[in-house]
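One structure below.
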Amino acid sequence: MRKLQRNRARAEEEESVFVTMTDMTISFLLIIMILLAFFATQLNSDETVPLTTYERVRQDRDELRVDNQSLRTTVNALRVQVAELEIEIEELKQQIEKLKVINPLEAYLSQAINQRREILVELRDRLLIEFPELQVVISPEQDALRFQGEGLFRSGSSQLEPRQRAIVETMGRLLDEILICFTLGERANRGEDCGSGNALIEAVQIEGHTDSDGPDLNNLRLSTDRANATLLVMLDEDRSILAHQNLRGQPVMSVSGYGEMRPIETNETIEGKAANRRIDLRIIMYAPSTVEEVEEVGRRLDVLRSSGELE
């Protein structure tokens, strides 16, 4: 009897434990269902998209991939172009460096032009110091001194009046002092005070010009007579001016008459005619045509300097 009671008690106890475990399981499942229901309520319907939108997005993505590939191709092509441009830039830099190297011929010609300008300015300024009212200007080409109007000769005359004669004598003296530094011959002197480098004068032309009044042949004769009269006065002052020679051993002094053939202004006005009646003292510099000629001039002058013929 007792044993039966013990078995019943044990069975009741086991049944009680089973009920408790069942209740706990049900409670746990209930909690999970509640949580699932809660999370379901939190889902946003906006996070879902229609199929057409999805397909469009996929298409856009694929197009972007194609565009990116095209962009990469373009970038690579640009890189190639940049590399080619860098090579061209380097070549241009090298050409610029070569241009920076002074060409002996260009340097010589440039120096000769500058020297001629300085000679004319010095002659003009020194003449104006002694004869302030003298009508003398430098030509626009900066290759000649111009004595215009009644500066040296009266209209229709080739005779120098005493004052004009004094002007020509002074001009001859000043010119002789300058030619020493730019010519060859027994009076040549290329000392440090000259600053003439290797520049040489080829010729100094005394040119006579007239206006259009009168017959052509008379004007040609008159202009030549004026040029000759100017040179003769320079020779009377000091014939040593003929000792100045060019590179070929010829006297640099020369004369020419052009009559009315080379006007610088119109002959239709009084002022124009006065400008055309003139004496031009034109300086022609030696102009080599090759670098070899420039070097030859340098060698000849160096020989003359070393021999003492050029001080």
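What number of residues in region 123-143 are open to solvent by 30 Å² or more (accessible area, probe 1.4 Å) and in a loop (DSSP other than H, G, I, E, B)?
Within region 123-143, residues that are open to solvent by 30 Å² or more (accessible area, probe 1.4 Å) and in a loop (DSSP other than H, G, I, E, B) number 6.
Take Ile264 and tell me if it is out of contact with any Lys or Arg (no Cβ under 7 Å at 6 or more places or on another chain), within 28 Å of Glu161 (Cα to Cα) and β-branched (Val, Ile, Thr).
The answer is yes for Ile264.
Which is within 36 Å of the chain's Cα centre (by Cα), of a type in the set (Val, Ile, Thr) and within 20 Å of Val136 (Cα to Cα), of Ile270, Ile264, Ile201?
On the way: Ile270 fails: within 36 Å of the chain's Cα centre (by Cα); Ile201 fails: within 20 Å of Val136 (Cα to Cα).
The match here is Ile264.
Select from region 281-304 the residues that are closer than 18 Å to Gln135 by Cβ and out of contact with any helix residue (DSSP H, G or I) (no Cβ under 9 Å at 6 or more places or on another chain) and list them in ascending order.
The one that is closer than 18 Å to Gln135 by Cβ and out of contact with any helix residue (DSSP H, G or I) (no Cβ under 9 Å at 6 or more places or on another chain): Arg282.
Hey, any hits in region 265-274 for a residue that's closer than 22 Å to Val204 by Cα and in contact (Cβ under 8 Å) with a residue 40 or more places away in the chain?
For region 265-274, residues closer than 22 Å to Val204 by Cα and in contact (Cβ under 8 Å) with a residue 40 or more places away in the chain: absent.
Take Ala83 and decide whether it is in a helix (DSSP H, G or I), of a type in the set (A, V, I, L, M), in contact (Cβ under 8 Å) with a residue 40 or more places away in the chain and out of contact with any helix residue (DSSP H, G or I) (no Cβ under 6 Å at 6 or more places or on another chain). Spell out how you get there, then give the answer.
Working: in a helix (DSSP H, G or I): yes; of a type in the set (A, V, I, L, M): yes; in contact (Cβ under 8 Å) with a residue 40 or more places away in the chain: no; out of contact with any helix residue (DSSP H, G or I) (no Cβ under 6 Å at 6 or more places or on another chain): yes.
Against the criterion (in a helix (DSSP H, G or I), of a type in the set (A, V, I, L, M), in contact (Cβ under 8 Å) with a residue 40 or more places away in the chain and out of contact with any helix residue (DSSP H, G or I) (no Cβ under 6 Å at 6 or more places or on another chain)), Ala83 does not qualify.
Just a yes or no: is a residue in region 147-170 more than 30 Å from Leu304 (Cα to Cα) and under 36 Å from the mean Cα position of the chain (by Cα)?
Yes, that holds for at least one residue.
If I ask for residues that are under 20 Å from Ala227 (Cα atoms) and in contact with a helix residue (DSSP H, G or I) (Cβ under 7 Å, 6 or more places away or on another chain), which ones from region 124-141 would you list?
Matches in region 124-141: Leu127, Leu134, Val136, Ile138.
I need the full set of residues from region 234-264 which are without any contact (Cβ under 8 Å) to a residue 60 or more places away in the chain and polar (S, T, N, Q), in order please.
Those that are without any contact (Cβ under 8 Å) to a residue 60 or more places away in the chain and polar (S, T, N, Q): Gln250, Ser254, Ser256.
If you check every pair at least six apart or on different chains, which have Cβ atoms under 6 Å apart with a residue in region 155-169 that is surrounded by 13 or more Cβ atoms within 10 Å (Cβ to Cβ) first and a residue that is assigned to a loop (DSSP other than H, G, I, E, B) and at pLDDT below 90 second?
Here the result reads Gln164/Leu152, each pair linking region 155-169 to a residue that is assigned to a loop (DSSP other than H, G, I, E, B) and at pLDDT below 90.
Of the residues that make up region 252-267, is at least one of a type in the set (D, E, K, R), under 20 Å from Ala112 (Cβ atoms) and surrounded by 13 or more Cβ atoms within 10 Å (Cβ to Cβ)?
No, because not a single residue in region 252-267 is of a type in the set (D, E, K, R), under 20 Å from Ala112 (Cβ atoms) and surrounded by 13 or more Cβ atoms within 10 Å (Cβ to Cβ).
Only one of these is at pLDDT 90 or above and at negative phi: Leu301, Leu281. Name it.
After ruling out the rest, the residue left standing is Leu281.
Only one of (1) open to solvent by less than 50 Å² (accessible area, probe 1.4 Å); (2) within 36 Å of the chain's Cα centre (by Cα); (3) closer than 20 Å to Leu134 by Cβ is not met by Asn276, so which one is it?
In the conditions (1) open to solvent by less than 50 Å² (accessible area, probe 1.4 Å); (2) within 36 Å of the chain's Cα centre (by Cα); (3) closer than 20 Å to Leu134 by Cβ, Asn276 misses (2) alone.
List the residue pairs whose Cβ atoms are under 6 Å apart, where the first residue sits in region 104-129 and is within 11 Å of Ala287 (Cβ to Cβ), the second is in a helix (DSSP H, G or I), and the two are 6 or more positions apart or on different chains.
Short answer, once both residue conditions are applied: Leu105/Val291; Leu105/Val294; Tyr108/Val294.
Within region 173-196, can one find any residue that is touching a strand residue (DSSP E or B) at 6+ places or on another chain (Cβ under 8 Å), on the phi > 0 side of the Ramachandran plot and open to solvent by 20 Å² or more (accessible area, probe 1.4 Å)?
The answer is yes, given that some residue of region 173-196 is touching a strand residue (DSSP E or B) at 6+ places or on another chain (Cβ under 8 Å), on the phi > 0 side of the Ramachandran plot and open to solvent by 20 Å² or more (accessible area, probe 1.4 Å).
How about region 146-166: which of its residues are more than 10 Å from Arg278 (Cα to Cα) and outside any loop (DSSP other than H, G, I, E, B)?
Hits for region 146-166 are Pro162, Arg163, Gln164, Arg165, Ala166.
The values are calculated or read from the model by the stated rules, or taken from the named source; none is laboratory data. Source: prediction; values computed, not measured. Positions of Cβ are generated from backbone atoms using ideal geometry, with glycine treated the same way; all protein chains shown enter the neighbour counts. Each accessible area value is taken on the protein alone, full model and side chains, heavy atoms only, with ligands, DNA and RNA left out. Shrake-Rupley method; radii C 1.70, N 1.55, O 1.52, S 1.80 Å.
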